[in-house]
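This report concerns only the one structure given below.
The values are calculated or read from the model by the stated rules, or taken from the named source; none is laboratory data. What you are looking at is a predicted structure, and each value in this text was computed from that prediction instead of being measured. Cβ: placed from backbone, ideal geometry, glycine included. Neighbour counts: every protein chain shown. For the accessible areas, the whole protein counts, side chains as well, though only heavy atoms, and no ligand, DNA or RNA atoms are used. Shrake-Rupley method; radii C 1.70, N 1.55, O 1.52, S 1.80 Å.
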Amino acid sequence: MKKERKRRICNYFMKALLLCALVFGFGFIVGVDVNAKEHDIYVDESGSIKPSSSITVSKSSDSTHSFTITNKTAKPVKITLDNNVTPKSKNYRMRIKVGGHECVSRENAVPADTNILYLYPGQKMKNACEVIFDSSTSATITMKSEYLNKEVKSKDKAIGLNQDTAIEIPLSGMQYSLFEGVTAQVGKDERWYKFNVSDRAVINPTFELAEKERSGHFGFNNTYIRMYNSRGEMIYKEATAKSDLSSKVEQWNPGPITLTKDTYYVCISVDKSAYYPATFMFNLNGHNWIYANGVTCSPSEINLEDIGKKKVIAQTMPANSDDKIIEVYDHLSGKTWDWYNSNTVDYDGIPSKATTPGRHAWITFKTTNGKTFTTYVISPAEKLKKPRVATGYNSAKFWIDYPNKRNTSVRIQVLKKGKWTTAKTIGYNSCGTSNPVTIKGLKPLTNYKFRLQSYANGMTGDPSDVVTMKTGSSKKPAVKSIKVVKRKKVTVRGWWRKHWIGGRVSRYEWVPPYTYTRYKVKVTLKKKVPKVGGMWVAGNWVKGSKKSYTVWVPNGARKGKKLTIRISTALGKGYGNGPEVKKVIKVK
């Protein structure tokens, strides 16, 4: 009986404890619901705070009041939350948090501007403001909203809080900024973006902290920027930007970089000691790679004498291509310059010399992707000296000096009906005073203008000075008689005769002395030849038109030999020769 009574007493005791626990637990739950108070606030399209911009809250047994604020506009807004709490001592019994950071604190010093929030378009922020009571008191929260001055383009969807939810951004100049007032976890406030490169691209990113007032603990706020490829490799060195109220906001501009096909990520995060996330302006300033289709040059040809005096300007096509001119090659000197890296190259040239006349490849410009353009140097054929000319009655004989360059040809030109016509072209080896050249087909007693012009490799030189000559009469002198009127013995001393082969003396030959007779002859014509300036008789020039001529025959003849007498008219001593009459007489 005693044991049974004892067991019943224990059961009653346990039921009583369970009932007390249930009553106490229910009372605890009811107490929490009563003491916690939530307020929903939003910013409408007019920028006003609704339903009210001023709310008074009071304590009800350690209660906490919480504000949820929503930006229902399409613009980023700045919200300032002021309060009427003016502590007279450090032991006042209240804390007020804005964005998770204390702006009224019982123990700690409070940094400036902790009562400011930034909300991007459409953002809803729970616990944006919290009022925590510790003793009987009340507080009035006054809210003010304003649009930010900076124009920011934002996505309608949620911001990228990690790499998997990164927001895709274009390569072009669209700017993205973060407007956020809550740091979910200290040191973990990150925003992720991504962009794709389909083939090849260039980016020149910039990063700038946009709001100076976003100062953190001890008056500064460190914000980090990191850029990765899909393999997690950092493509730029990690950078830090600091907003300091005593100095201007730093900017990050690391310079351009070329990227190949891949997906790339940008991570912007806030220092773990910062009270706020950053407000920043970030821009990729990028574009898909612009390939060079070629190179153009001005001028594309230059005269040899202008090298080193005039510039050749090479330009990529298009002018803004990412392929640059990286190499310049001089064909004449064989030199290469490979330190260029530009869309435009101004090339002054170096003193170069073409070995032959013609159009020669000179400078080749080469781009990154192998496109080339070659300029040419024009090495003109030379200007030849004026020729020596002797005219006949229907032809002209030319003595032409050798050109300075061996591969040069010479054109003999005659002016006919106001137009210069090439009568004959001779090669280099046919020139020289020992190789006179004759052109035929001229008219008697006619004035002609002659000139020379060099030609080589498709290039013609400047014409020589003009020689004006007249052709002779076509009349033959009619010889009536030829008589020897005087004789003279001439003794010739012996000498060594040179024999030439290939431009050098091959041997010497002794010519013994000998004696011959010179003859003086009288040539009588049947009648005078009209329209002539004189007569050639046996190699002697006799001026004037006569009926008879007495001259010494230059070479004479050996005894018992024949004597040859050549007679022709001429307008002058060196030109205008008429047809020749040849007479042979016997002498003793």
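Tabulated results
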read-out: Criterion: in contact with a Ser or Thr (Cβ under 9 Å, 6 or more places away or on another chain) and not small (Gly, Ala, Ser) - qualifying residue of 585, 567; value: 585
read-out: Check on residue 369, out of contact with any Phe, Trp or Tyr (no Cβ under 9 Å at 6 or more places or on another chain), at pLDDT 90 or above and more than 11 Å from residue 450 (Cβ to Cβ); value: no
read-out: Pick from region 392-440, criterion under 46 Å from the mean Cα position of the chain (by Cα) and small (Gly, Ala, Ser), ranking: surrounded by the fewest Cβ atoms within 10 Å (Cβ to Cβ); value: 427
read-out: Odd one out for residue 290, checked against (1) modelled with pLDDT of 90 or more; (2) under 30 Å from residue 190 (Cα atoms); value: (2)
read-out: Scope region 415-436; condition in contact with a Phe, Trp or Tyr (Cβ under 6 Å, 6 or more places away or on another chain) and within 20 Å of residue 470 (Cα to Cα); matching residues; value: 436
read-out: Qualifying residues in region 394-418 (those that are of a type in the set (Lys, Arg) and within 18 Å of residue 462 (Cβ to Cβ)) - the one modelled with the highest pLDDT; value: 411
read-out: Flag for residue 438 being without any contact (Cβ under 8 Å) to a residue 60 or more places away in the chain, assigned to a strand (DSSP E or B), out of contact with any Cys (no Cβ under 7 Å at 6 or more places or on another chain) and farther than 23 Å from residue 574 by Cβ; value: no
read-out: Residue check for residue 484: of a type in the set (A, V, I, L, M), closer than 19 Å to residue 564 by Cβ and in contact (Cβ under 8 Å) with a residue 40 or more places away in the chain; value: yes
read-out: Any hit, region 546-553, residues being surrounded by 18 or more Cβ atoms within 10 Å (Cβ to Cβ) and touching a residue at least 40 places away in the same chain (Cβ under 8 Å); value: no
read-out: Positions within region 328-359 being open to solvent by 40 Å² or more (accessible area, probe 1.4 Å) and under 18 Å from residue 299 (Cα atoms), in sequence order; value: 329, 331, 332, 344, 346, 348, 350, 351, 359
read-out: Qualifying positions in region 200-245 - in contact with an Asp or Glu (Cβ under 7 Å, 6 or more places away or on another chain), closer than 30 Å to residue 78 by Cα and modelled with pLDDT of 85 or more; value: 226
read-out: Given (1) at pLDDT 90 or above; (2) buried (at least 16 other Cβ atoms within 10 Å of the Cβ); (3) in a loop (DSSP other than H, G, I, E, B), number of the condition residue 92 does not satisfy; value: (1)
read-out: Residue within region 359-377 that is assigned to a loop (DSSP other than H, G, I, E, B) and touching a Pro at 6+ places or on another chain (Cβ under 6 Å) present; value: no
read-out: Cβ pairs under 6 Å, 6+ apart, first in region 318-346 and free of Cβ contacts under 8 Å to residues at least 12 places away in the same chain, second surrounded by 17 or more Cβ atoms within 10 Å (Cβ to Cβ) and hydroxyl-bearing (Ser, Thr, Tyr); value: 336/329
read-out: Residue match in region 499-515 (condition: in contact (Cβ under 8 Å) with a residue 60 or more places away in the chain and of a type in the set (A, V, I, L, M)); value: no
read-out: Residue check for residue 323: at negative phi, within 20 Å of the chain's Cα centre (by Cα), acidic (Asp, Glu) and open to solvent by 60 Å² or more (accessible area, probe 1.4 Å); value: no
read-out: Residues (surrounded by fewer than 16 Cβ atoms within 10 Å (Cβ to Cβ) and over 17 Å from residue 478 (Cα atoms)) located in region 554-588; value: 554, 555, 558, 559, 560, 561, 562, 573, 574, 586, 588
read-out: Considering residues of region 41-63 that are part of a strand (DSSP E or B) and farther than 17 Å from residue 125 by Cα only, the residue most open to solvent (accessible area, probe 1.4 Å); value: 56
read-out: Region 372-384, subset crowded, with 18+ Cβ neighbours inside 10 Å and hydroxyl-bearing (Ser, Thr, Tyr), residue modelled with the lowest pLDDT; value: 379
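Per-residue answers, yes or no, for (1) over 24 Å from residue 389 (Cα atoms); (2) at pLDDT below 90; (3) out of contact with any Gly (no Cβ under 8 Å at 6 or more places or on another chain):
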{"site": "493", "(1), (2), (3)": "yes, no, yes"}
{"site": "544", "(1), (2), (3)": "no, yes, no"}
{"site": "550", "(1), (2), (3)": "yes, no, yes"}
{"site": "560", "(1), (2), (3)": "yes, yes, yes"}
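Every residue, every condition in (1) modelled with pLDDT of 80 or more; (2) hydrophobic (A, V, I, L, M, F, W, C), yes or no:
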{"site": "116", "(1), (2)": "no, yes"}
{"site": "140", "(1), (2)": "yes, no"}
{"site": "148", "(1), (2)": "no, yes"}
{"site": "170", "(1), (2)": "yes, no"}
{"site": "174", "(1), (2)": "no, yes"}
{"site": "185", "(1), (2)": "no, no"}
{"site": "190", "(1), (2)": "no, no"}
{"site": "194", "(1), (2)": "yes, no"}
{"site": "198", "(1), (2)": "yes, no"}
